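First up is the structure itself, then whatever we jot down about it.
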Amino acid sequence: MSRFSKSEALGFGWRTFKENWKFFVAFSVIFFLIIFLPRAIFPGIHGGQYVWPAAAFSFLLSIILGVLADIWRIRVSLKFVDGGKMEIKEIFSKVDLETFFNYLIAGALYGLIVFAGLILFIVPGIIWGLKYQLYRYFVVEKKLKPWEALKECGKATYGSKWNLFLFTILMGLISILGVITFGLGFVVIFPVIMLAEAFVYRKLAQ
């Protein structure tokens with residue numbers, strides 16, 4: 001039996017967004033500004049003697065800001081999933097170095113696992129991708145080491161891979177709406193999806 005309902009997860013995301021739409025619209029804008037900040041700082045790294053230093057710095061900054069933004073996203077999502085509220089100023093809560101590097105290393109391990117699975121006739125990569133896709137939450141919330149987070153995630157998703165596959169497809173189809181609206185829909189779709197995903201994590205990790 002499935003341990004979470006796709007419609008319940010999506011419904012939670014939509015209801016929570018509607019009840020706190022000002023916060024989530026502001027959060028979405030801030031999130032994507034953080035993600036694309038390096039490109040804004042270095043809009044044209046083309047030619048010139050400082051190309052490679054600038055490109056390297058931009059790449060490093062992208063990684064740092066990307067990790068921080070995703071950790072904040074997870075914290076915000078779980079706060080609302082657990083029935084809490086949050087002010088915009090609370091988004092930028094402190095991220096300790098241990099969590100930052102655990103997240104970074106766990107992400108690299110996850111990527112390697114999925115890549116190895118894809119080499120093995122694709123299907124194992126898809127299965128392992130689904131099995132460990134919620135590892136970030138175990139790193140951020142439970143403060144687990146990279147391999148421990150992946151291991152616990154594997155246990156939590158046991159028996160739910162097919163439902164996770166359908167959930168991932170559904171979220172992907174919904175994301176397309178953001179694309180066909182020239183990206184404007186993402187200020188609504190992004191928070192709904194992130195809340196739905198956190199809802200699924202909470203159900204599976206219980």
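Pick from the range 140-171 the residues that are under 24 Å from residue 67 (Cα atoms) and charged (D, E, K, R): which of them is surrounded by the most Cβ atoms within 10 Å (Cβ to Cβ)?
152
Of the conditions (1) surrounded by 12 or more Cβ atoms within 10 Å (Cβ to Cβ); (2) modelled with pLDDT of 85 or more; (3) closer than 26 Å to residue 146 by Cα, residue 98 clears all except one; give me its number.
(1) is the only condition that residue 98 fails.
Among the residues of the range 27-41, are any farther than 25 Å from residue 193 by Cβ, in a loop (DSSP other than H, G, I, E, B) and at pLDDT below 90?
Of the range 27-41, the ones farther than 25 Å from residue 193 by Cβ are 41.
Subsequent filtering for residues that are in a loop (DSSP other than H, G, I, E, B) retains none.
Scanning the range 27-41, I find no residue that is farther than 25 Å from residue 193 by Cβ, in a loop (DSSP other than H, G, I, E, B) and at pLDDT below 90, so the answer is no.
Looking only at residues in the range 108-129 that are of a type in the set (A, V, I, L, M, F, W, C) and surrounded by 14 or more Cβ atoms within 10 Å (Cβ to Cβ), which one is nearest to residue 64 (Cα to Cα)?
Restricting attention to the range 108-129, the residues satisfying the condition of being of a type in the set (A, V, I, L, M, F, W, C) are 108-109, 112-116, 118-123, 126-128.
Narrowing further to those that are surrounded by 14 or more Cβ atoms within 10 Å (Cβ to Cβ): 109, 113-114, 118, 126-128.
Working: 109: 17, 113: 22, 114: 22, 118: 27, 126: 27, 127: 29, 128: 26 Å.
Taking the candidates together, the pick is 109.
Taking the criterion of being modelled with pLDDT under 95 and over 20 Å from the mean Cα position of the chain (by Cα), would at least one residue in the range 5-13 satisfy it?
Among the residues of the range 5-13, not one is modelled with pLDDT under 95 and over 20 Å from the mean Cα position of the chain (by Cα), which makes the answer no.
Which helices (runs of 4 or more DSSP H) sit wholly inside the range 118-206 and have at least 2 residues that are among the polar types (S, T, N, Q) and in contact (Cβ under 8 Å) with a residue 12 or more places away in the chain?
On the way: elements: 123-132, 135-140, 146-156, 161-180, 186-204.
Helices (runs of 4 or more DSSP H) meeting the threshold: 161-180.
What do you reckon, is residue 189 of a type in the set (A, V, I, L, M, F, W, C) and in contact with a Ser or Thr (Cβ under 7 Å, 6 or more places away or on another chain)?
Answer is yes for this residue.
Looking at 180, 126, can you tell me which residue is within 30 Å of residue 25 (Cα to Cα), modelled with pLDDT under 95 and over 17 Å from the mean Cα position of the chain (by Cα)? Lay out the reasoning, then the answer.
Values: 126 fails: within 30 Å of residue 25 (Cα to Cα).
180 is the lone residue from the list that is within 30 Å of residue 25 (Cα to Cα), modelled with pLDDT under 95 and over 17 Å from the mean Cα position of the chain (by Cα).
Limited to the range 172-206, what total is found for residues that are surrounded by fewer than 19 Cβ atoms within 10 Å (Cβ to Cβ) and of a type in the set (Ser, Thr, Tyr)?
Final tally of qualifying residues: 2.
The values are calculated or read from the model by the stated rules, or taken from the named source; none is laboratory data. Values in this document were obtained by computation on a predicted structure and should not be read as measured data. Backbone-built Cβ (ideal geometry, glycine too); neighbour counts: all protein chains shown.
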